[in-house]
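Have a look at the structure below, then the notes.
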Amino acid sequence: MRRPARYGVLTGAAVLALFAAPAFAAPPVLASSGPKNWLIILAAIAAGFGAFLLLVILFGGGKTQRDATITGRLSAYGQKDQTSSGLFGRFRFLRRAAAKADTMAESSGNSRMIESALEQANIPMRSGEAIIAAIGIAVIVGLVVGAVTQSLIWAVVAGAAVLIISFLYVSHVASSQRKRFGNQLPDTLNLLATSLRAGYSIMQAIEAVSQEAPEPTRREFIRATSEVRLGRPMIDALADIAVRMESQDFEWTVLAISIQREVGGNLAEVLQTTSETMLQRNRLRREMKALTAEGRISAYIMGGLPFVLFGVLFLINPDYLEPLYSTTLGLAMMAVALVLMGLGMIVMSKIIKVDV
């Protein structure tokens, strides 16, 4: 174990002892309280483990000389690998847990979907690593919330909320990256067309895009350029960009490039015409988004208002809402209300969504 990691272990143990000492030194009355005292002890363990992981992430040992040499050689063909020096690369039990989670995700058919979302969101983690990270954070947050509230129900709710938020965050970032790529595509095609008119080959034009384009276009074209340098056909590398970004427009662009390479023609003019068409489509999408803004805002308000009112009433007068979650009839009413709200949101989303 490297010296910074050793310091992380010692510091984490000290923090664990600091948090756990009051719980273990509790008087007999508190010790006889049962689950509450155990929640405090588990929260102390979670806090110490979290401090240990934080210190290892910040001050953990880096790569070995051999790893640095390999990374330096591979960096000539693309971006440097950022995952080998991460937390999962330092601890064997985390690597085994991530491999097990990856195997389970692959057997259930969800591995490819998770990896695709992580790639689109530019999160340098494998599917198993992402699953273990989300579960670990959820467990730590659940234990801390359970110790603070002294309620097992709130601990479970907090852990489930962390898992849902993690999934929504990755989905949101991936969707944002796809939209940015689509908005940048007309400028990308203009740059390709301009480079071809200047006398560049198609491969040189792609390299120019990988150097001049903003993110995420730059990142995707760097990856495609690296794959071509390693021997992959250029059309296949470009087609993978369309698959990763889920861009039908770029898929048509790759098809145009493939046809031009087979039958010939003025590729610069084709790319220029395609770029102008995409600009008009993007302008039309923005106009439709502006016209449907009122409906979208109404949907957000109507969907969020019941939850906001529930939270305000719960803080002001919790006894007034207690029958809703403490009786069978109240729980049934809440379930029916949630189903009806979900159906209403689906209907409103269909009304305000316009495909262009």
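The values are calculated or read from the model by the stated rules, or taken from the named source; none is laboratory data. Bear in mind the structure is a predicted one, so any value in this text is a computation, not a measurement. For neighbour counting, all protein chains shown are included, and Cβ atoms are generated from backbone atoms with ideal geometry for every residue, glycine included.
Take the conditions among the β-branched types (Val, Ile, Thr), closer than 30 Å to residue 266 by Cα and free of Cβ contacts under 8 Å to residues at least 40 places away in the same chain and apply them to residue 209. Does it pass? It is true that residue 209 is among the β-branched types (Val, Ile, Thr), closer than 30 Å to residue 266 by Cα and free of Cβ contacts under 8 Å to residues at least 40 places away in the same chain. The conditions of being buried (at least 16 other Cβ atoms within 10 Å of the Cβ), modelled with pLDDT of 85 or more and under 21 Å from residue 226 (Cα atoms) are not met by residue 120. Of the helices (runs of 4 or more DSSP H) lying entirely inside the stretch 250-356, those containing at least 2 residues that are touching a residue at least 60 places away in the same chain (Cβ under 8 Å) span 267-291. The conditions of being among the hydroxyl-bearing types (Ser, Thr, Tyr) and modelled with pLDDT of 85 or more are met by residue 328.
There is no residue in the stretch 257-265 that is surrounded by fewer than 16 Cβ atoms within 10 Å (Cβ to Cβ), modelled with pLDDT under 90, under 30 Å from residue 352 (Cα atoms) and over 27 Å from the mean Cα position of the chain (by Cα). The helices (runs of 4 or more DSSP H) found entirely in the stretch 135-241 that carry 1 or more residues being loosely packed, with under 15 Cβ neighbours inside 10 Å and among the β-branched types (Val, Ile, Thr) are 152-197.
Screening residue 296 on (1) touching a Leu at 6+ places or on another chain (Cβ under 9 Å); (2) surrounded by 11 or more Cβ atoms within 10 Å (Cβ to Cβ) shows it passes everything except condition (1).
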